[in-house]
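To keep things clear, I will list the structure first and then write my remarks on it.
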Amino acid sequence: MIWETVRLALRSVRRNALRSFLTLLGIVIGVAAVIAMLTIGSGTTEKVKADISQLGSNLLIVRAGRPAAPGSGPQQTIRQLGEKEVAALTAHLEGVRAVSPASQKQVRVVFGTESLTSSITGTDNAYLDARDWKLASGRPFSESEVRGGINVCLIGETVRQQFFGSGDPDGAAVRIGRVSCKVVGLLEAKGYSGFGQDQDNVVLMPLSAFQRRIAGSRDIETIYVAADDATPTQVVQTRIEDIMRDTRRVTADREDDFSVRDMTQIADAMASATATMTGMLGAVAGVSLLVGGIGIMNIMLVSVTERTREIGIRLAIGAHEKHILIQFLVEATVLSLLGGLIGIAIGLALAGAASLALSIPFAPSLAVVLLAVGFSALIGMVFGFFPALRGARLDPIEALRHE
Amino acid sequence: MSLAPLIAFDKVWKTYGHGEAEVRALAGIDLAIDEGEFVAIMGPSGSGKSTAMNIVGCLDTPTSGHYGFMGTDAGRLDRNRRAVLRNLYIGFVFQGYNLLPRTTAAENVELPLIYRGVAAHERRTLAMKALAEVGLEGREHHTPAELSGGQQQRVAIARAIVTRPTLLVADEPTGNLDTARSHEIMQLLTSLNQDAGLTIVMVTHEADIAAYAGRTIAFRDGHIASDTKKLEAA
């Protein structure tokens, strides 16, 4: 019986193909917009999360200067970080995988006739660990190179491309500023960060060599701390703050003169901001679904009026009110479900195209698709109900007389 | 032969509208029709014959009085109960055929069976049989637009008898047909009445069509003006 009714509905939809299509359009656009929005949105969220986790998982960043508070002016004097803090954190911090100091400077790097302005980072081997960075070839710094401040370096993929093409840079000597430096290893490519920064345009060298020959100061800009997987980053953050206050003798009545940023939290915050945005856009798209539903109601009213005589015949030969009700309800549902399915296909195609264009992951969600199917069916039922009821309540005698 | 008449009107009144605009369609009709009868109802328009037909066919109910159909007080049933009654015991043939357009003859004939919940293959078998009875073998898959008026009316008759009803209600069944086609349809109805024992109540305004019936009832101003039985009809 229900299959019969669905077949009947499909036939009626086919008979008025153009009208059905135009009616569907509202639902198609609504569903397509919702699907595209949500799919692109979750792709963006994934991208943001991936970008931030590329900095290193469970990463905390310690910098000099008090945490930026809204409305606070420029800070007068900043007490820089130094060996003392690194030593204290290395010695006393528990639940961490790596602690690594780093300082950076943009310097022109020359090899042969080629040159490139690159981000020169003075650090140690723990930096690779903290930032989840592996070597593509060569070796990390040796113990003596780090301690003795020897001019050796690890270069990023962009630097290699510039100077060596796809060749092996191992053992070559590049000039950084006025210092000649021997390449001992090549870093794995990381690509662009979410902020559009080329993460592979870097040269790493031992911290002491960097301080002495490039920066000309013993200041340390940043201390990277990677928490181990068993310890929540919030716990590590508190421990870092305790050790730092202690080391830098910040008394209880004074503000921190350093900041600790938890990249995991930032990632979560950004992801949830993206999700909120997605939800809002999705809601706006949902409004067009409502409009689509009204379109269906409209056309179903027309359909019931047009087929008054048919309804009269059906009632006369023994159809119950509920038979007529179901017939038109199924027709409205088939119509909107069809629109929903087309909308899903278009929405996914749009999201696919957008993910290619914006180089974000294509993240279709089965839940969202099922929700769209269910929702479009629901729209058909809700907006089809009134017209169907009107048809079912017709007086068979009146209906048979209808021209 | 049955003890109680199939159709029993007991002081049936039917009025439309209220107050000044009240129209009296039936004014206290008493009428009994037995199973197996072939009754023609005649009368000018506005005489109440169509209203009486609608009540006989359980499409309408009296304003007052009782309408008994097969021993039940059909005039007091709600519309869905009357729908069941129509589906089980009554077949309808209309002047304008009232077939579903763009739907094949077989599908049209199957329609009442759908509301009875008959399975698809059985529906098809019964529909084919009914179409054969009305002489439409080979036309089962034609749509109404591909059939002549006489053929369309035959499809309508097949639709009416496919459920094997007790009563056939025919509202000017030959009104849209030429003389030759009209007599063919009437011969078909007569044979259904005589061979299958189908009770037929037919509205017509043509005397030669009414002559096929064994009993002719004339309506005038909401009353029965005359009720005559043919002598040879036993």
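The values are calculated or read from the model by the stated rules, or taken from the named source; none is laboratory data. If you're wondering where the values come from, they're calculated on a predicted model, not measured in any experiment. Positions of Cβ are generated from backbone atoms using ideal geometry, with glycine treated the same way; all protein chains shown enter the neighbour counts. Accessible surface areas use protein heavy atoms only, side chains included; no ligands, DNA or RNA. Shrake-Rupley method; radii C 1.70, N 1.55, O 1.52, S 1.80 Å.
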Mean Kyte hydropathy of 0.0 or more with a Cα span along the axis of at least 30 Å, helices from DSSP in chain A: A:17-54, A:263-306, A:321-357, A:366-392
Violating pairs (Cα-Cα greater than 26 angstrom) within the set B:Lys11/B:Lys49; A:Lys47/A:Lys84; B:Lys129/B:Lys230; B:Lys129/B:Lys229: A:Lys47/A:Lys84; B:Lys129/B:Lys230; B:Lys129/B:Lys229
In the range A:152-260, the trypsin sites (Lys or Arg not before Pro) that fall in loop regions by DSSP, at most 13 other Cβ within 10 Å: A:Arg178, A:Arg218, A:Arg249, A:Arg254
Zero-based 20 Å bins, Cα pair distances in chain A, whole percents: 22, 34, 21, 17, 6, 0
Taking the range A:177-292 and dividing mean pair separation by its residue count, relative contact order in percent (alpha carbons under 8 Å, at least six apart): 12 percent
At least 20 Å² accessible surface lost relative to isolated chain, residues of the range A:1-26 (1.4 Å probe): A:Met1, A:Glu4, A:Arg11, A:Arg15
Threshold 20 Å² - residues in the range B:42-72 whose accessible area is reduced by that much or more when the chain is no longer isolated, probe 1.4 Å: B:Asn54, B:Leu59
Helix axis angle, B:120-133 relative to chain B longest principal axis, alpha carbon, degrees: 80 degrees
Span per principal axis, largest first, for the Cα atoms of the range B:1-59 (Å): 45, 21, 18
Where the Cα pairs of the range B:7-229 fall when distances are cut into 5 Å bins, in %: 1, 7, 15, 18, 19, 16, 12, 7, 3, 1, 0, 0
For the pair B and A, total buried accessible area rounded to nearest 100 Å², probe 1.4 Å: 2200 Å²
Exposure of B:Met128 as accessible area (Å², to 10), given a probe of 1.4 Å and all protein chains: 60 Å²
Within the accessible area of chain B (1.4 Å probe), percent carbon and sulfur: 52 percent
The protein assembly as shown, helix-only ellipticity at 222 nm - DSSP H runs n ≥ 4, -39,500 (n - 2.57), divided by all residues, nearest 500: -15500 deg cm²/dmol
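Per the 1.4 Å probe, what fraction of the accessible area of chain A, in percent, lies on carbon and sulfur atoms?
Carbon plus sulfur share of accessible area: 61 percent.
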Chain B: angle of helix B:105-114 to the longest principal axis, Cα-based, in degrees nearest 10: 60 degrees
Å² per residue, accessible surface of chain A at 1.4 Å: 48 Å²
At least 20 Å² of accessible area lost relative to the chain alone, listed for the range A:316-330 with a 1.4 Å probe: A:Ala316, A:Ile317, A:Gly318, A:Ala319, A:His320, A:Glu321, A:His323
